[in-house]
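The values are calculated or read from the model by the stated rules, or taken from the named source; none is laboratory data. Note that the coordinates shown come from a computational prediction; the quantities given were computed from them, not determined experimentally. Quick reminder, even Gly has a Cβ in these numbers, built from the backbone with ideal geometry, and neighbours come from all protein chains shown.
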Amino acid sequence: MILYHGSNAEVRLPRILTTNRSLDFGAGFYTTSSLNQAERWAQLQTRRRGNGRAAVSAYEMDESAIESLSLLRFEGADAAWLDFVVENRKGLYKGELYDLVIGPVANDRTMSVINDYMNDQIDRETALILLKPQNLSDQYRFGTETALRHLTCKEVRLLD
């Protein structure tokens, strides 16, 4: 399986960075199976940070390695996914630290729904109804060094 990471810098050796931002699936190294999503993220990060050069790193991961990891997988933007994302974004998640979390990525279209839900402007049922028709890309969050050992950098491509 090939996974991509978009950034404002080349990332040949993935690392888990602690951040002051609360991310969908918590601290970790994030990838996606969508090259298009990684390219958009690289360009966005470069614009936001105002430095570096947009780059997409491609990694190979042996799919059979997933079986050896503690895994949490969300098949869609359902109630369990929404609760997990909200707990992580609020910095409240105290559950198991999974080696790997796989599921939909909250994007610009869904973040307004999630923010409204987090701010009690809409209830859970309404949030789930609004999230249902979204066609979301995936994200893979590597949360431990054990998980990162299963990624091998194959290529880094700088974007124009």
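Observations on the structure shown:
- Exactly one residue out of L148, L82 is within 18 Å of the chain's Cα centre (by Cα), surrounded by 13 or more Cβ atoms within 10 Å (Cβ to Cβ) and over 19 Å from T18 (Cα atoms): that is L82.
- On inspection, R15 qualifies as outside any strand (DSSP E or B), of a type in the set (K, R) and touching a strand residue (DSSP E or B) at 6+ places or on another chain (Cβ under 8 Å).
- Filter result for D99 (under 23 Å from T152 (Cβ atoms), modelled with pLDDT of 95 or more and not aliphatic (A, V, I, L, M)): yes
- Only a single item in (1) modelled with pLDDT of 95 or more; (2) of a type in the set (D, E); (3) not in a strand (DSSP E or B) is not met by D24, and it is number (1).
- Flag for R124 being closer than 28 Å to T46 by Cα and of a type outside the set (A, V, I, L, M, F, W, C): no
- Checked against (1) modelled with pLDDT of 95 or more; (2) under 14 Å from the mean Cα position of the chain (by Cα); (3) charged (D, E, K, R), D108 passes all but a single condition, namely (1).
- Residue in segment 66-75 that is crowded, with 18+ Cβ neighbours inside 10 Å, over 16 Å from the mean Cα position of the chain (by Cα) and closer than 24 Å to E155 by Cα present: no
- Meets criteria (closer than 25 Å to R157 by Cα, surrounded by fewer than 19 Cβ atoms within 10 Å (Cβ to Cβ) and touching a strand residue (DSSP E or B) at 6+ places or on another chain (Cβ under 9 Å)) for Q45: yes
- Looking only at segment 58-75, and only at residues there that are assigned to a loop (DSSP other than H, G, I, E, B) and touching a Gly at 6+ places or on another chain (Cβ under 8 Å), the one that is modelled with the lowest pLDDT: E75
- Within segment 106-117, residues that are more than 16 Å from A80 (Cα to Cα) sit with their Cβ atoms under 9 Å from residues that are β-branched (V, I, T) and surrounded by fewer than 14 Cβ atoms within 10 Å (Cβ to Cβ), at 6+ positions apart or across chains, in these pairs: D116/T126.
- Residues of segment 85-121 satisfying the condition of being crowded, with 17+ Cβ neighbours inside 10 Å and not in a helix (DSSP H, G or I): Y93, Y98, D99, L100, V101, I102, G103, P104, V105, A106
- Residues in segment 55-95 that are among the charged types (D, E, K, R) and free of Cβ contacts under 8 Å to residues at least 60 places away in the same chain: E67, R73, E75, D78, D83, E87, K94.
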